[in-house]
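The structure under discussion appears below in the form of structure tokens.
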Amino acid sequence: MKIASEYSDGRLTVFLAGELDHHSAKTAVDGIADSIDRYLPRDLVLDLTQLGFMDSSGIAVIVRSYKKMRSAGGRMYIENPQTQPLKVLDASGIDRMIPIAAKREVTT
Amino acid sequence: MTVTNYIKLEFPSFSSNESFARAAAAGFAAQLDPTLDELGDIKTSVSEAVTNCIVHAYPDSIGTISMRLRILDGEKLEIVIRDKGRGIADLQQAMLPMYTTGGEERSGMGFTIMESFMDKLKVKSTPGKGTTVTMLRTIRQRRGFR
Ligand SMILES: Nc1ncnc2c1ncn2[C@@H]1O[C@H](COP(=O)(O)OP(=O)(O)OP(=O)(O)O)[C@@H](O)[C@H]1O
Ligand SMILES: [Mg+2]
């Protein structure tokens with residue numbers, strides 16, 4: 001599990017790469033929480049473009065991050081999940097709390 | 001029912017073995033020529049069952065997890081994941097969506113995911129003795145190029 005972040009204009013984007021399971025969940029939760037504490041963003045975007053696998057442990061990671069953002073009055077979005085993580089997200093019904101968007105294609 | 005092939009694995013309940021169990025199951029299932037989506041479903045379900053052993057069956061110790069995979073009638077993948085841990089007193093309650101004894105680190109979706117990603121899910125458990133999860137998934141053969 002690799003984690004990176006990017007901040008501009010009140011928007012924090014956290015990129016998760018690799019596999020998010022129970023083994024890697026603590027790294028993800030702590031990494032996201034640290035970034036939120038550092039930047040105090042208005043919006044948190046979880047970019048899942050590079051996430052090849054996720055199970056229910058990832059759902060708990062996302063819900064905890066969502067609660068942290070919401071308690072600070074912020075919003076959260078999930079972007080560009082691959083097929084397997086999207087299927088797990090769909091099964092959990094998490095899109096009723098957090099909008100899930102495919103990334104817009106950049107047209108040149 | 002004919003058993004065409006099988007593997008049996010045993011490993012300690014280290015969380016680092018979660019990815020190993022997924023990869024082993026996917027590697028064994030590959031002989032049925034599954035689609036990427038089917039492989040994803042198999043990996044997800046194995047991950048859920050093995051994680052439950054690690055988190056719930058052996059909460060404060062390292063125990064043994066066993067995984068048996070079989071090919072039945074040349075087209076069905078059977079996955080059996082067993083622990084000798086704490087067991088589940090009320091199975092019906094445990095299998096409800098969102099039910100968890102794991103606090104904020106868990107979402108209570110494991111059994112729900114296994115049930116919806118596999119064709120069949122059967123759970124047997126005895127408190128103090130352990131839990132056995134059996135899952136079945138048919139991988140239909142496709143004709144021609146894919
Ligand atoms: N192998 C097991 N041994 C003992 N108890 C188990 C086992 N598997 C599941 N349980 C019990 O059943 C409950 C529900 O399991 P389920 O996998 O659906 O959710 P969870 O593990 O709590 O959360 P999630 O899977 O979303 O991380 C668990 O909280 C636990 O109490
Ligand atoms: Mg579980």
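Solvent-accessible area per residue in chain B equals 52 Å², computed with a 1.4 angstrom probe and all protein chains kept.
Extents of chain B, largest first, come to 49, 29, 28 Å (Cα atoms, principal axes, whole angstrom).
Which sequence of B:10, B:38 reflects their accessible areas, 1.4 Å probe, from the largest down?
I get B:10, B:38, largest accessible area first.
For residue B:65, the residues whose amide H sits under 5 Å from its own are B:11, B:13, ignoring neighbours fewer than 5 places away on the same chain, with H placed 1.01 Å from N. Compactness of chain A is given as radius of gyration and Dmax, 12.8, 40 Å, from Cα positions.
The chymotrypsin sites (Phe, Trp or Tyr not before Pro) of the range B:1-67 that DSSP puts in a loop, and whose beta carbon has at most 15 other beta carbons within 10 Å, are B:14.
Loop-located GluC sites (Glu not before Pro) in the range B:40-79 (DSSP state not H, G, I, E or B) with no more than 16 neighbouring Cβ atoms inside 10 Å: B:75. Size check on the protein assembly as shown: the Cα extents along the three principal axes, sorted descending, read 62, 50, 28 Å.
A simple spin-label model places the labels of residue B:62 and residue B:141 4.3 nm from each other, with each point 7 Å out along Cα-to-Cβ. What's the local net charge at residue B:101, with K and R +1, D and E -1, over the other residues with C-beta under 13 Å away? Once all neighbours under 13 Å are counted, the net charge is -1. Legend: residues B:56, A:23, sorted from most to least accessible area (1.4 Å probe; ligands, DNA and RNA excluded), read A:23, B:56. Taking 4 °C and 1.567 mPa s as conditions, the range A:49-108 diffuses translationally at an estimated 105 µm²/s according to Stokes-Einstein applied to its Kirkwood radius (Cα pairs).
Accessible surface buried at the B:A interface totals approximately 1700 Å², computed with a 1.4 Å probe on protein heavy atoms.
What lysines sit close enough to residue B:76 to cross-link, taking a C-alpha to C-alpha distance under 30 Å and skipping anything fewer than 8 places away on the same chain? In chain and number order, the partners are A:87, B:8, B:43, B:84, B:120, B:122, B:124, B:129. Here residue B:104 and residue A:11 are evaluated by their C-beta separation; at R0 = 22 Å the FRET efficiency comes out at 0.30. Put simply, the amide H of residue B:74, placed in the peptide plane, has neighbours under 5 Å in B:4, leaving out anything fewer than 5 places away on its chain. Taking the longest Cα principal axis of chain B as reference, the axis of helix B:17-29 is set at about 20 degrees. The separation of the range B:83-99 from the range A:25-65, counted between C-alpha centres, amounts to 28 Å. Dividing the Cα radius of gyration of the range B:92-132 by its Kirkwood radius returns 0.98 for Rg/Rh.
Amide H contacts for residue A:76 (H built 1.01 Å from N in the peptide plane; partners 5 or more residues away or on another chain; cut-off under 5 Å): A:44. For chain A, the share of accessible area belonging to carbon and sulfur comes to 48 percent (1.4 Å probe, ligands and nucleic acids excluded). Of the residues A:64, B:22, A:96, A:42, the one with the largest accessible area comes first in the ranking A:96, A:42, A:64, B:22, computed with a 1.4 Å probe on protein heavy atoms.
Estimated at 0.36 nm per residue, the fully extended path between residue A:83 and residue A:96 surpasses their Cα-Cα distance by 2.8 nm. Using a simple spin-label model with pseudo-atoms 7 Å out from Cα toward Cβ, residue A:39 and residue B:120 lie 4.9 nm apart.
The values are calculated or read from the model by the stated rules, or taken from the named source; none is laboratory data. Source: prediction; values computed, not measured. Note that each Cβ is placed from the backbone with ideal geometry, even for glycine, and that neighbours are counted across all protein chains shown. For accessibility, only protein heavy atoms count, side chains too; no ligands or nucleic acids. Shrake-Rupley method; radii C 1.70, N 1.55, O 1.52, S 1.80 Å.
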